[in-house]
Amino acid sequence: MKNIEIHVTVNGQADELTIPPNRTLLEMLREDLQLTGAKEGCGHGECGACMVVLNGRTVNSCLVLAAETDGAEVITIEGLKQGDTLHPVQQAFVDHSGMQCGFCTSGQVLAAKALLDENPKPTPDEIRDGMAGSFCRCTGYTKIFESIEAAIRQIKQAQGAKA
């Protein structure tokens, strides 16, 4: 197989990569760019541990070929914080113990961020529905949902301070 060249922006950084055509986005992130926040859980797009944001939509990076990201923008868990300041969803997960072992946390945080970007005031049922593709083997999800609800409050408070 002949390698291909792609141009992709990851976490605001433009990159030019030469990769095998069968490399997944997850492999590219972890192996070529050393961004290890996305994890391979199931390798079949079922668990959400490898979730990233591709052109504004969450995707399971184990199912996306890296070649498909040519010209695209990818955001990983590493790209959410601004300098030393965590994104409100990240901070809420820390403050409210929204993780246990941490393996699924990056996917959980990105799924929650995407949910709140689309629906800033979700109901508890909408939170459960929005997080349906992100599985955690360690928790009963209570702390995850509490973290998301705390993030909603933090975001609302920050927006009120800007007004």
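The values are calculated or read from the model by the stated rules, or taken from the named source; none is laboratory data. Just so it is clear, the structure is predicted and the values come from calculations on it, not from any experiment. Every residue, glycine as well, gets a Cβ built from its backbone with ideal geometry; the counts of neighbours run over all protein chains shown.
Before moving on, here are some points about what is shown:
- Which listed residue is modelled with pLDDT under 95, out of contact with any Cys (no Cβ under 7 Å at 6 or more places or on another chain) and closer than 30 Å to CYS136 by Cα, from GLU46, GLU27: GLU46
- Restricting the first member to the range 66-83 and to residues that are among the charged types (D, E, K, R), and the second to residues that are part of a loop (DSSP other than H, G, I, E, B), the beta-carbon pairs closer than 8 Å and six or more apart or on different chains are GLU73/ASN55; GLU73/GLY56; GLU78/ASN11; GLU78/LEU35; GLU78/GLY37; LYS81/HIS87.
- Checking VAL52, VAL64 one by one, the residue that is under 30 Å from ARG153 (Cβ atoms) and of a type in the set (A, V, I, L, M) is VAL52 and no other.
- Qualifying residue in the range 97-106 (condition: crowded, with 23+ Cβ neighbours inside 10 Å, in the same structural domain as GLY133 (by TED's automatic domain parsing) and touching a residue at least 60 places away in the same chain (Cβ under 8 Å)): yes
- Test result for GLY43, assigned to a loop (DSSP other than H, G, I, E, B) and outside the structural domain of ILE148 (by TED's automatic domain parsing): yes
- Taken together, the residues in the range 26-70 that are in contact with a Ser or Thr (Cβ under 7 Å, 6 or more places away or on another chain) and of a type in the set (Ser, Thr, Tyr) amount to 1.
- In the range 41-60, the residues that are over 24 Å from GLN82 (Cα atoms) and surrounded by 19 or more Cβ atoms within 10 Å (Cβ to Cβ): GLY41, CYS47
- Residue within the range 129-143 that is among the aliphatic types (A, V, I, L, M), touching a residue at least 40 places away in the same chain (Cβ under 8 Å) and surrounded by 14 or more Cβ atoms within 10 Å (Cβ to Cβ) present: no
- The set of residues from the range 30-43 being of a type outside the set (Gly, Ala, Ser) and modelled with pLDDT of 95 or more comprises ARG30, GLU31, ASP32, LEU33, GLN34, LEU35, THR36, LYS39, GLU40.
- The residue that is surrounded by the fewest Cβ atoms within 10 Å (Cβ to Cβ), counting only those in the range 9-40 that are touching a residue at least 40 places away in the same chain (Cβ under 8 Å) and either part of a strand (DSSP E or B) or of a type in the set (Phe, Trp, Tyr) (or both), is THR9.
- Helices (runs of 4 or more DSSP H) (entirely within the range 54-132) containing at least 1 residues that are aliphatic (A, V, I, L, M) and more than 24 Å from CYS42 (Cα to Cα): 88-95, 105-118
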